[in-house]
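Scroll down for the structure; my scribbles are underneath it.
Read the figures in this text as sums done on the coordinates, not as results from a lab. What you see is a predicted model; the values in this text were computed from it and never measured. Positions of Cβ are backbone-derived with ideal geometry, glycine not excepted, and every protein chain shown enters the neighbour counts.
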Amino acid sequence: MEVMRIEPQTITHLQEWLGKTETLQDKVTAAPVKALSATLDRSDPTPNDGTFLPELWHWLYFLPCALQSEIGPDGHPKRGGFLPPVPLPRRMWAGSRVQWLAPVAVGDEIERVSKIDSVTHTAGRTGDLIFVLVKHAISNQNGLALIEEHDIVYRDAPGPDDKPVAPTPAPT
C-alpha cells in the first residue's frame, strides 16, 4: 500500500479554515445525565433543574445530528464544512485541555462557539499527520462557563502488512 503524502498546496488549502467558527445551542436536560450515571453504575438521583454537571459531562451535549447521507466513512459528519477536508482517512482525538470558569447546570440554555485555531502538518513514525486545534467556548445564561481546546489528528490508513508501532515508554 502506498503511503499518502501531503503536498504543500494541500496544507495551504486546509489553512483556509483558520478562524472558521460554528455556533451551536443546546439545553442541559436530565435524561443524558441520568443515562451516563447508569452507564457508570452510579445511583445518582434524577437531577433537577439547577443540579450542576460533573466536570466533562458537557460532552453529553452538542452532539452532531448529520443525515446518514452526510456522514463520512469515519462515522463523523463529512469534512469540509466546519472542519477542514483533510485527505487523510483516520481521525483521532489527540487530547484536550479544559478550563472551567463557572458551573453548568441542568436546565441551562447553553451555547458553544467553536473556532478552528490551527492546522499543522508534521511527519510521524507512520507517515504524514495533520493536527487541527479546535477551541470551544461554552456559555450559559451567566456568561462564559468553560473553554476547551480539542486536538484532532488525522493520519493515513494502515497498510495490510503494517505492524502497530510500539508505544513510547513513559519517562521514569
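For this structure, a couple of remarks:
- Alpha-carbon gyration tensor eigenvalues x 5, square-rooted, for the chain, Å: 34, 20, 16
- Shape call, segment 60-134: gyration tensor on alpha carbons, a/c limit 1.5: oblate
- Among PRO47, PRO87, GLY159 the positive-end extreme of the charge dipole of the chain (Cβ point charges): GLY159
- Other-chain or far-sequence residues with amide H under 5 Å of ALA94's (modelled H): ASP151, ILE152, VAL153
- Cβ-placed point charges (K, R +1; D, E -1), dipole of the chain about Cα centre in debye, nearest 20: 180
- If the segment from GLN99 to THR21 were pulled out straight at 0.36 nm per residue, it would be longer than the present Cα-Cα gap by 26.1 nm.
- Most mobile of ASP128, ASP41, ASP156 in a GNM of the chain (Cα contacts under 10 Å): ASP41
- Listed by chain and number, the lysines whose C-alpha is less than 21 Å from the C-alpha of LYS163, apart from same-chain residues fewer than 8 away, amount to an empty set.
- Segment 28-74: C-alpha gyration tensor shape, a/c 1.5 cut-off, then a/b vs b/c: prolate
- Lysines whose Cα lies under 18 Å from that of LYS78, excluding same-chain neighbours fewer than 8 positions away: LYS20, LYS115
- Highest mobility in the GNM of the chain, judged by mean-square fluctuation with C-alpha springs under 10 Å and restricted to GLU148, GLU70, GLU109, is found for GLU70.
- Ellipsoid equivalent to segment 94-172 - semi-axes via the Cα gyration tensor, in Å: 35, 15, 11
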